[in-house]
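K.L.:
Here it is, the structure, as structure tokens.
Derivation of every value follows stated rules applied to the coordinates shown; laboratory data play no part. Treat the numbers as computed from the prediction; the structure is a model and nothing was measured. With ideal geometry, Cβ positions are generated from the backbone for all residues, glycine too; neighbour counts draw on all protein chains shown.
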Protein chains: 2
Amino acid sequence: MAQDLFDYPKMVETALRNVVREALARTQRDGLRGAHHFYLTFRTGAPGVAIPDHLVIKYPEEMTIVLQHQFWGLEVRDQDFLVTLSFENRPEQLTIPFSAIASFADPSVSFALQFDVSAAVPRDTPALPTTMPAPQHVEPAEIPRPAA
Amino acid sequence: MAQDLFDYPKMVETALRNVVREALARTQRDGLRGAHHFYLTFRTGAPGVAIPDHLVIKYPEEMTIVLQHQFWGLEVRDQDFLVTLSFENRPEQLTIPFSAIASFADPSVSFALQFDVSAAVPRDTPALPTTMPAPQHVEPAEIPRPAA
């Protein structure tokens, strides 16, 4: 097979990370409507991640957060987002680049994107729920036919 | 299952159409490097499509074009692209909105995106090659782990 000078997998990955960004941006604007909520797993050691030291120690590899009932100050920027969550009753602000996200799931509609296979078997217990659903992959073939 | 107020399938579809747009934009800028070439199937009756009448008559549903050796004047715009191809030795300019694209393939690296299941079984003979490969779906799970 010829060399992939376009690097299509990277192009697709970037495009799908933008889906996560758009979902968060809409949430910043409108709040979480309906039953929507997000499970976000990110690599705690990735460039640009800014979280409290005690969380890095507890989750040296990956960490899963939930945006559902208790989150504040969601701010979506070009390359990352900021959100404040409560850990043992203390509010902590996290800064997470989109490039650090290993998986994104919205269990309300069984939607998930996975960017890193290792995310399916994190070495650490997720920070919040232990019931994270198995990632479901979106296949372009399943996209409904657009209205003509 | 709850109502999908985000319309994730639409978000993913839009994101993946942007992959096609980016591949064409890079081609406009750099030409087709290496062995890359494109098979593009589009719905001839979709809004914004501008092609000669005789092509509409010949391909009332869908049409597949190849961008490989003989194409000219590729111009990628926000919502569509223009390209001139030769049909029976006559140059004809086509204007194709990205929203009209049913499938995109780069056989050199076995990459394909499909936006409409009906594209897999076009009712008309493709305009150019009859050897269009079966579309292969890109699964996010296959994306290699990004460098940390």
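K.L.:
Could you point to the residue in A:A46, A:Q28, A:L16 farthest towards the positive end of the range A:6-46's charge dipole, with +1 and -1 charges on the Cβ of Lys/Arg and Asp/Glu respectively?
P.N.:
After comparing all options, I get A:Q28.
K.L.:
Using a basic spin-label model with each label point 7 Å from the Cα along Cα→Cβ, how many nm lie between A:I57 and B:Q28?
P.N.:
5.4
K.L.:
Just counting partner chain Cβ atoms within 10 Å, what average do the residues of peptide B:68-79 show around their Cβ?
P.N.:
Values: counts 0, 0, 0, 0, 0, 0, 0, 0, 0, 0, 0, 0.
That works out to 0 on average.
K.L.:
With only alpha-carbon pairs counted, each pair once and no self-pairs, how large is the Kirkwood hydrodynamic radius of the range A:1-94 in angstroms?
P.N.:
For the range A:1-94, inverting the mean 1/r across all distinct Cα pairs yields 15.0 Å.
K.L.:
Just to confirm the numbers: B:P60, label point 7 angstrom along the Cα-Cβ line, distances to the other copies in nm, shortest first?
P.N.:
Inter-copy label distances (nm, one decimal, shortest first): 6.8.
K.L.:
Can you pull out the trypsin sites (Lys or Arg not before Pro) in the range B:1-68 whose DSSP state is coil and whose Cβ has at most 12 other Cβ atoms within 10 Å?
P.N.:
Sites meeting the loop and neighbour criteria: B:R33.
K.L.:
How far, in whole Å, is the closest Cβ of chain A from the axis that maps A onto B, and which residue does it belong to?
P.N.:
Result for the A and B rotation: A:A15, 2.
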